[in-house]
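Following: one structure in structure tokens, then a few remarks.
Just so it is clear, none of the values below were taken in a lab; they were calculated from the coordinates. Bear in mind the structure is a predicted one, so any value in this text is a computation, not a measurement. Heads up, the Cβs are rebuilt from the backbone with ideal geometry, glycines too, and the neighbour counts pull from every protein chain shown.
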Amino acid sequence: MQLLELIAILISGLMVGNEIAVGFIIHPTLSRTRSEVYSDSARALARVYGRVMPIWYAATAVLFGIVAFELYRNGTNGYRLAIYSVLLVVGAIVFTLNGLLPINNRIAGWDLNRLPDNWESEIWRWDVLHFIRVVMLMIALFLFVAACFASA
Amino acid sequence: MQLLELIAILMTGLLLGIEMAIGLIVEPTMSEANDETRSDAYYSLARTYRRVVPWWYAAVLLLYSVVALKLHRSAVNGYRQAEAAAILMLVAIACTVPGAGPTKNRSSLCRLARLPRLTAQVWPRFFQHFFRVVVLAAALFLFVAACFESA
């Protein structure tokens, strides 16, 4: 069981770190470059992240779910924290599907020669929603690690 | 004490994720963009990372060392793993200072220069970064294991 917890912490930590990198380092940095560079980079990254992240989110949700279920079944301390973390990850996934994914798909489909007029506001909106998602994920990770400690 | 361990685990996980984002996603993605985009993006990102990441590494090393020392003093299980994790963090930093650091500094100086694509020239840097990510992952794994052992 402990190995599973270790793997879950590692995978979710990497995912949240990735999301923090995008939201707090990569996008703000690229936003200071010229508009052609910014739009080109944003489109390229939207395509790659659009392929990679769904698998990562699903894996995190499944691992958190399994650990929470095990903690609940064993009646150990911290199972409530683990359940809250699962709910938060599932909430982040639902939030992504409804809020971020449509914008991401539009950005990934941009024709760089004919960018939409609102392309900057699209990215800005994505960044705001992404910030909310990162906060949710960070709380989920914190709760999950705390649950693992409590049950150890 | 547990709060310190929690913070150390979270900080390392996030650092590792950030390093993974740059090494395995952003750089390969940008290497397919046109020269202008690539060099501008590299230049800006290298400048930002150069300011942020060294502090993060130092903070993680410090946290690992404090936890390892505490566990060693208390003579609880897992102190060896914590010490090994701190040593691995040192190795990751040692890999950065002579390797990726100067490369990053050069990237931050060569704005609009024609940077090489992900070809033979760039592979050594890519692998160096990959090696650092693996070392960081191993350090995190050992540290989490140490915390579990001592809990």
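Some observations on this one:
- Packing-based exposure ordering (other Cβ within 10 Å, fewest first) of A:M15, B:M89: A:M15, B:M89
- Cut-off 13 Å between beta-carbons: net charge of the residues surrounding B:Q81, Lys and Arg +1, Asp and Glu -1: -2
- In the protein assembly as shown, taking the dipole from charged Cβ atoms about the Cα centre, the farthest positive-side position among A:N98, B:L88, A:A61 is held by B:L88.
- Summing charges over neighbours of A:A152, with a neighbour being any other residue whose Cβ is under 11 Å away from its Cβ, gives -3 when K and R count +1 and D and E count -1.
- Only Lys, Arg (+1) and Asp, Glu (-1) charged, at Cβ; segment A:85-140 dipole about Cα centre in debye: 180
- Modelled FRET efficiency - R0 41 Å, B:F131 with A:L115, Cβ distances, 0.05 increments: 0.60
- When chain A is reduced to its Cα atoms, the Kirkwood hydrodynamic radius in Å: 16.4
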